[in-house]
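Derivation of every value follows stated rules applied to the coordinates shown; laboratory data play no part. For clarity, every value in this text was computed on a predicted model and none was experimentally measured. All Cβ positions, even for glycine, are placed from backbone atoms using ideal geometry, and neighbour counts span all protein chains on display.
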Amino acid sequence: MKPARTLIVSAIFAVIAVGVAIWLYPHLPARVPIHWDGQGHANGYASRFWGVAIWPLMIIVLAALTVLLPCISPRRFAITPFADVYGGLMLAIQGAMLVIGVTAQLGSAGYPVPISTVVPLVAGVLLVVVGNYMGKLRRNFFVGIKTPWTLASEAVWERTHRLGGWLFVLAGVAMVVDALAGGAGWWMLVAVAVACLVPAAYSYVVYRRLEGRHPSMGGRS
């Protein structure tokens, strides 16, 4: 997706978020939940203003980063070659924030929305989307699995992100199934931890196998 179109979609997301906030603001309590445990019980609160403002603000910040990060990325790690993938990922995250924010505000306003189901469901779908995009990412400092070994080698980056993509998709599917089945919330943490930590460790193993040396040795055998 071209940058201009990405910004248009971001603007639409922001307008929807602001519109929902204005609509629900009079119906919200003085303290609005902004964080929940695995069972959907609120365990973090903010004032009514910040409880509704945080969601459009996050979308706006992500939209700004979508434009800013390619401009400040170092030349050898430029985002431009995979700008469409990067823009799609940023829009997916913004869309997830929009759905979670609307759901949270509806619940705070007294509407019977199952936040304990919606949040892991949206997170799972987002993981599936991110996993499908991972193999198309190229080395950069802002998105992807960034370890010293993936940043040091294009081959390590590609292999790590192929594995990471599969694990993110599997973790996302597991989270979706678990959410629809009303499962325990701790599975979310397990799924995300496995999807993140295994590729990070794998990147070191692949680097040592391909390069035959530790990166701190500066290329000396």
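Placing pseudo-labels 7 Å out from each Cα toward the beta carbon at Thr80 and Leu189 gives an inter-label distance of 4.4 nm.
Taking 11 Å as the cut-off, the amide N atoms of segment 147-173 that come nearer than this to a point 7 Å along the Cα-to-beta-carbon line of Leu210 belong to 149-162.
If you look at the Cα atoms of segment 1-113, you get an Rg and a Dmax of 16.2, 51 Å.
With both labels modelled 7 Å from their Cα along Cα-to-Cβ, the Trp50 to Tyr25 distance reads 1.7 nm. Here r is the Cβ-Cβ distance between Leu197 and Ala155 and R0 is 25 Å; the resulting FRET efficiency, rounded to 0.05, is 0.75.
Calculated from DSSP H runs of 4 or more alone, at -39500 (n - 2.57) each and per residue, what is the 222 nm mean residue ellipticity of the chain, nearest 500? Don't skip to the answer; put the middle values down first.
On the way: 7 runs with 151 residues, N = 221.
The helix contribution divided over the chain gives -24000 deg cm²/dmol.
For the chain, state the semi-axes of the equivalent ellipsoid (square roots of 5 times the eigenvalues of the alpha-carbon gyration tensor), sorted largest first and rounded to whole angstrom. Don't skip to the answer; put the middle values down first.
Values: eigenvalues 253, 94, 38 Å².
Semi-axes (√(5λ), whole Å): 36, 22, 14.
Using 0.36 nm times the number of residues separating Ser73 and Ala42, minus their current alpha carbon distance, what extension gain do you get? List each step's numbers first, then the result.
Values: separation 31, 0.36 × 31 = 11.16 nm, distance 3.84 nm.
So the extension gain works out to 7.3 nm.
Build a GNM of the chain with springs between Cα atoms under 10 Å apart, and of Asn140, Asn43, Asn132 the one that fluctuates most is Asn43.
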